[in-house]
Structures are given as structure tokens and as C-alpha cells.
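Here the structure is laid out as C-alpha cells; the discussion comes afterwards.
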Number of protein chains: 2
Amino acid sequence: MEQPICLVGIGKIAVDQHVPAIANSPDWTLAATVSRAGTVDGVPSYSDFDAMLVERDDIRTVSLCLPPVPRYDYAVRAIAAGRNVMLEKPPGATLAEVQDLTTRAAANGVTLYTTWHSRMAKGVAAAKAFLADKTITSGYIDWREDVRRWHPEQEWVFEPGGMGVFDPGINALSILTDVLPRPVHITSALLNFPENRFTPIAAEVAFSENLTMTLDWLKDGQQMWEMILRAGDDQVHLSEGGNRCVINGTEVAGSVLDEYPALYDQMARLVSSGASEVDLAPMIHVADAMTLGKRVTVAPFSF
Amino acid sequence: MEQPICLVGIGKIAVDQHVPAIANSPDWTLAATVSRAGTVDGVPSYSDFDAMLVERDDIRTVSLCLPPVPRYDYAVRAIAAGRNVMLEKPPGATLAEVQDLTTRAAANGVTLYTTWHSRMAKGVAAAKAFLADKTITSGYIDWREDVRRWHPEQEWVFEPGGMGVFDPGINALSILTDVLPRPVHITSALLNFPENRFTPIAAEVAFSENLTMTLDWLKDGQQMWEMILRAGDDQVHLSEGGNRCVINGTEVAGSVLDEYPALYDQMARLVSSGASEVDLAPMIHVADAMTLGKRVTVAPFSF
């Protein structure tokens with residue numbers, strides 16, 4: 001049976017991914033939206049989140065697609081009003097605020113789900129299963145995309161807390177932290193900050209276990225989201241953002257659901273079992289890179 | 001009975017604090033040191049840590065006073081060799097590496113203690129007890145010291161991972177996270193980076209619950225390590241880095257032991273009970289500040 005859900009923050013990612021995923025979900029019906037500007041045809045829209053919480057007692061679950069900085073306040077109000085909460089990635093602007101939300105969700109007996117959509121990419125589960133009993137010996141991540149294409153005019157990505165190139169980079173990190181048999185840690189990082197911006201536009205990161213990561217947000221032409229992980233003579237190659245998995249030269253069959261449908265499927269399972277799923281590992285690597293990283297100033301950026 | 005302990009990294013903090021604390025401890029005897037340069041009169045010194053681990057099977061506990069960046073590798077080797085490990089603050093250069101050490105210590109059945117010396121300042125326990133059932137309504141931290149006096153020529157504090165002014169600031173955060181009845185999180189931060197350095201030399205940080213923090217590493221004259229926490233009409237004033245506590249205008253009696261003696265006392269208790277104590281909360285706030293903070297370039301700094 002479909003349950004009503006409210007989507008908050010009707011921007012690009014909501015329209016591109018959340019709305020169609022909910023529309024096609026056997027578990028959810030989009031019963032309301034909350035946004036300053038965006039709406040979804042045929043769905044009641046609110047501009048005041050608190051009014052929605054009061055008026056729509058039938059809606060027990062909200063999905064927050066706002067940018068990370070404002071998201072915390074919405075999550076607090078939703079949890080206080082007894083609603084289950086699903087958070088777009090990254091789950092917040094700070095680690096401490098997500099820990100706080102976790103405590104609040106437990107105290108209020110609601111589900112909190114810190115989603116990592118790239119973990120649901122079709123090749124990830126196969127990579128994880130293959131690597132489970134292996135020891136990683138080396139590897140690299142190559143994550144290059146065009147910020148103008150994926151975040152057109154979204155100034156918040158370059159504002160403090162917007163994470164810059166770690167906004168896509170955290171997708172790679174969410175896959176990495178999922179498929180690795182043992183955790184790694186960052187040993188050094190080079191961060192390129194445009195001279196007129198507050199977040200990095202490119203990064204070179206080194207991890208333990210001979211892993212490296214290149215992030216670039218100025219890639220034109222063919223976009224690239226690749227990851228190679230080696231364990232002795234074995235090699236796992238994840239491409240297309242984790243959606244294709246080639247193990248030792250042979251492509252393996254992937255999961256059935258696309259990323260966002262899989263997230264909403266998982267949210268339905270969490271809500272029905274009264275469980276939460278919170279994993280901060282990808283965000284910890286970003287915070288570590290920002291703490292340990294060597295900052296280099298590069299050319300100014302404008303959209 | 002006194003147990004042998006090895007001190008690694010004989011620099012300023014070791015000489016100023018660790019050596020006298022161990023000398024006066026009823027629990028510990030300084031049985032060896034490991035350092036590139038420093039030694040302690042009358043104590044066998046090693047320059048090769050692995051050699052010490054092999055030769056000195058009698059020493060079951062090591063205390064690491066190295067700067068945060070090199071500390072992880074020493075901790076890994078000590079844990080692998082079945083030694084209990086005590087870490088100076090901050091416990092590492094990254095959050096992920098300390099999580100990794102925690103896993104390794106548990107797997108090897110040894111004690112890991114991430115010390116926070118300022119939590120042992122004499123007024124902290126009284127402040128914590130008083131605030132336990134209160135709700136914080138506002139407060140501020142004012143932590144201003146002279147880097148040239150406390151870290152003379154220690155270039156590592158301005159290298160990536162050295163944390164800059166958060167090296168003293170994390171002391172304030174270690175107190176804050178200990179005495180608060182409920183956790184807070186950073187909502188904004190302004191970070192001043194000298195144009196020739198990789199870590200901030202000053203910061204203004206805002207937290208939830210109307211808390212603010214000023215960090216300044218260029219304070220000459222009277223040094224200042226103050227914290228005011230208000231809960232409605234109640235006020236707790238911690239001064240001298242937490243060593244004095246005035247509650248509602250009346251100074252309260254403090255703990256007996258000084259900071260470092262109290263850390264070694266706690267380490268003895270942890271080892272004898274086979275327990276670990278790991279708390280990353282102060283370091284999470286630093287990582288959050290570095291992730292969320294707005295960077296401002298200020299005048300170059302030289303010692």
C-alpha cells in the first residue's frame with residue numbers, strides 16, 4: 001500500500017530524480033511539496049513547512065532535498081513533529097548536526113535515513129560482494145564532471161558548507177566506504193580553491209592502502225566517474241558512477257533498481273521496521289580532507 | 001605498583017608536562033623514550049621505535065606526544081605489538097584514522113586512550129556536575145594566546161593537519177563537549193588564514209544554543225582561556241583554561257590533581273580494567289569548522 005510522503009525543496013535534484021522515483025514507487029505517493037519556488041503539477045504545495053506539518057497529519061514521512069546548510073532546521077522540526085525523515089546527501093553541513101539528528105530521531109521514535117544515492121548504483125553491490133574477503137593493495141578514483149552542467153547557477157555549492165567539488169566527490173566516497181572490506185583514511189590532500197570562492201573546485205586526495213582520488217569540477221565533454229580497486233591480481237572497475245562493474249575483465253550483472261527508486265525502496269523498509277540508517281563515513285572523509293588538506297588558490301570561477 | 005611506560009616524542013609538551021607527571025605518578029615509571037632528538041636524563045633513549053618495541057617487552061604502555069600527522073603510524077605499530085596506547089590531543093590528523101586505531105585496539109585487546117588534558121583542568125568536573133540538569137541558553141568561549149610563546153618555532157602547527165589556532169582551540173572544545181548537558185553543533189565559522197600558512201591563526205565560531213567562540217593566536221601580554229555558559233539565570237564561568245570555576249559568582253573547589261597527572265591516573269585505571277576511552281567530539285567540531293568555515297586571508301605570519 002502506498003504511503004503519503006512530502007518532498008521538501010523542489011529544485012533540480014527533486015525534479016530530476018525524487019519526483020519520478022516517488023511517482024513510480026509501489027510504496028509512496030507524493031502527497032505534498034514544500035518549496036520557496038518550485039511545485040509539482042497536481043500535488044498540493046506549501047511554502048510554510050510548519051503549516052504542512054500541522055495540516056497534513058496524514059503525511060508521516062518527509063524527504064528533504066534542500067541544500068545541506070538549511071536542511072538541519074527542517075529535519076529538527078519534522079522529527080519533533082513525529083515524522084520519519086529522509087535526507088539527501090550530504091546529510092548535513094556538519095557532522096555534529098547529523099549526530100544530533102540521530103539522537104533526536106531515536107528519542108522521538110522515528111526513522112532517520114541518511115541516503116547516499118551512489119551506493120545504490122547498479123554495480124556497487126557486486127563490487128562489494130567480490131571485495132568482501134579481499135585485501136586492497138591499490139586503487140584510484142577519477143571523478144570529473146562539469147559543475148556548470150550539473151549545478152547550473154547553484155551558487156550555494158561554492159558558499160561555505162556547500163562542499164564544492166566534494167559535492168560530487170562524496171558520491172565516490174560513499175561508494176568507496178561501502179565496498180571496501182576495511183576502512184581507509186586520508187593521508188594527504190591538495191585542495192584547489194578558486195580565488196573568488198569558499199569551496200574547492202578540484203582536489204587530489206591520497207588515502208592509506210595506496211588509494212588516490214582525483215576530483216575535478218571543470219571537465220567538459222565526456223564526464224567521468226570511475227573507480228579502480230585492486231586486491232593483488234584481482235581488479236574491480238566501477239564506471240558510470242558505480243552503475244557498471246567489471247571484475248577481472250568481465251562485466252557483471254547489476255542491481256535491478258535505479259539509484260533513487262532504490263533509496264525510496266530502502267526508506268519504505270526502514271519505516272516499516274521502525275529502523276534508522278545513518279552512516280557518516282563519506283562525510284568524515286570530506287571533513288578530514290578539508291582539515292588536513294593543503295589549500296591552493298586557483299583562477300576565479302563564475303557560472 | 002609502578003608500571004614501566006615509554007614516552008615517544010620528547011619535545012616541548014613532553015618535557016613541560018609528561019615527564020614530570022610520570023615522575024610524580026604512583027602508577028608509572030618512565031622506562032624508555034623514543035625521539036629523533038630529545039632525551040630525558042637517566043632514561044634509556046631509542047631513536048628507532050620498532051627496536052624499542054622489540055627490545056623492551058617489559059614496557060606494555062606507550063604514550064605518544066608526537067605532532068598529530070606522524071602519530072598514527074606509531075600508534076599502529078604499538079597496537080600491533082600489543083601495547084596500550086595513550087595519545088596526546090588531538091588524537092590524530094584525521095577522524096577516520098582515529099576510528100581505525102579504535103578498531104585496531106579493540107581487535108588487539110589493548111587500551112587506547114584519546115586524552116584531552118583540558119578536561120582534567122581543576123574546575124571542569126564542578127562545571128559539568130552543575131550543568132548536568134540545566135538547559136544552556138547562551139555562552140561564549142574566549143581563547144586567546146600567543147603562538148610564539150606556546151609553540152616557539154613549531155612550524156608543524158601551520159602545516160596541513162597542524163590545525164593552527166584550533167590546536168589550543170580544541171582544548172576549549174574538549175571542555176565544552178564534556179560539560180554541556182546536550183551536544184551543540186557549529187552553525188558558522190570565520191577562519192583567518194595567514195597568506196603564507198596552511199592553517200588558521202584566528203577564528204570566530206558560532207554554535208547552536210547561542211554559543212560563540214573566539215580563537216586568537218596572536219595575543220600578547222595576559223593570556224586568556226575563558227568560558228562562560230549560561231542556563232537561564234545561572235552562570236558558570238571557567239577561567240585559566242578550566243582550572244577555576246565560578247558558579248553564580250562563587251568560586252567552587254576544584255579537583256585535586258593537575259591536568260597531566262590526572263591523565264596518567266586515568267590511563268592507569270583504563271589499563272587495569274582493560275578498557276579504552278575514545279571521544280572524537282572535540283575533533284569533530286574542528287573538522288566541522290574547517291568544512292563549514294568561511295576562509296579569509298590575513299597578514300603573513302612568521303615566528
- Any residue at all in segment B:185-203 that is acidic (D, E) and under 25 Å from B:T137 (Cβ atoms)? no
- Residues satisfying the stated conditions in segment A:182-232, i.e. closer than 20 Å to B:L95 by Cβ and touching a Lys or Arg at 6+ places or on another chain (Cβ under 6 Å): A:L190, A:L191
- Message: Can you find, within segment B:206-223, the residue that is least open to solvent (accessible area, probe 1.4 Å) among those that are farther than 23 Å from A:R71 by Cα and assigned to a loop (DSSP other than H, G, I, E, B)?
- Response: B:W217
- Counting only residues that are under 15 Å from A:K294 (Cα atoms), small (G, A, S) and within 11 Å of another protein chain (Cβ to nearest Cβ), how many does segment A:206-218 have? 0
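Would you mind listing the helices (runs of 4 or more DSSP H) fully within segment A:1-103 where at least 2 residues are at pLDDT below 95?
Working: elements: A:19-23, A:49-55, A:68-80.
Hits in segment A:1-103: A:68-80.
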- Message: Looking at the structure I just gave you, is B:G241 modelled with pLDDT under 95 and not in a strand (DSSP E or B)?
- Response: no
- Task: Mind listing whichever residues of segment B:32-41 are surrounded by 19 or more Cβ atoms within 10 Å (Cβ to Cβ) and either over 19 Å from B:A75 (Cβ atoms) or in contact with a Pro (Cβ under 6 Å, 6 or more places away or on another chain) (or both)?
- Result: B:A32, B:V40
- Query: Got at least one residue in segment B:233-256 being within 12 Å of another protein chain (Cβ to nearest Cβ) and either touching a strand residue (DSSP E or B) at 6+ places or on another chain (Cβ under 9 Å) or closer than 30 Å to A:E97 by Cα (or both)?
  - Reply: no
- If you scan segment A:266-297, which residues turn out to be more than 14 Å from every other protein chain (Cβ to nearest Cβ), out of contact with any helix residue (DSSP H, G or I) (no Cβ under 9 Å at 6 or more places or on another chain) and either in contact (Cβ under 8 Å) with a residue 60 or more places away in the chain or hydrophobic (A, V, I, L, M, F, W, C) (or both)? A:M267, A:A268, A:L270, A:V271, A:G274
- Name the single residue, out of those in segment A:268-303 being of a type in the set (V, I, T) and under 16 Å from the mean Cα position of the chain (by Cα), that is nearest to A:Q99 (Cα to Cα). A:V278
- In segment A:10-31, how many residues are of a type outside the set (A, V, I, L, M), surrounded by fewer than 22 Cβ atoms within 10 Å (Cβ to Cβ) and within 19 Å of A:V157 (Cβ to Cβ)? 4
- Filter segment A:74-106 for residues that are within 14 Å of chain B (Cβ to nearest Cβ), polar (S, T, N, Q) and open to solvent by 10 Å² or more (accessible area, probe 1.4 Å) and give the result. A:Q99, A:T102, A:T103
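The values are calculated or read from the model by the stated rules, or taken from the named source; none is laboratory data. Here the structure is a predicted model, which is why all the values come from computation and not from measurement. Reconstructed Cβ throughout: ideal geometry from the backbone, glycine too, with neighbour counts over all protein chains shown. For accessibility, only protein heavy atoms count, side chains too; no ligands or nucleic acids. Shrake-Rupley method; radii C 1.70, N 1.55, O 1.52, S 1.80 Å.
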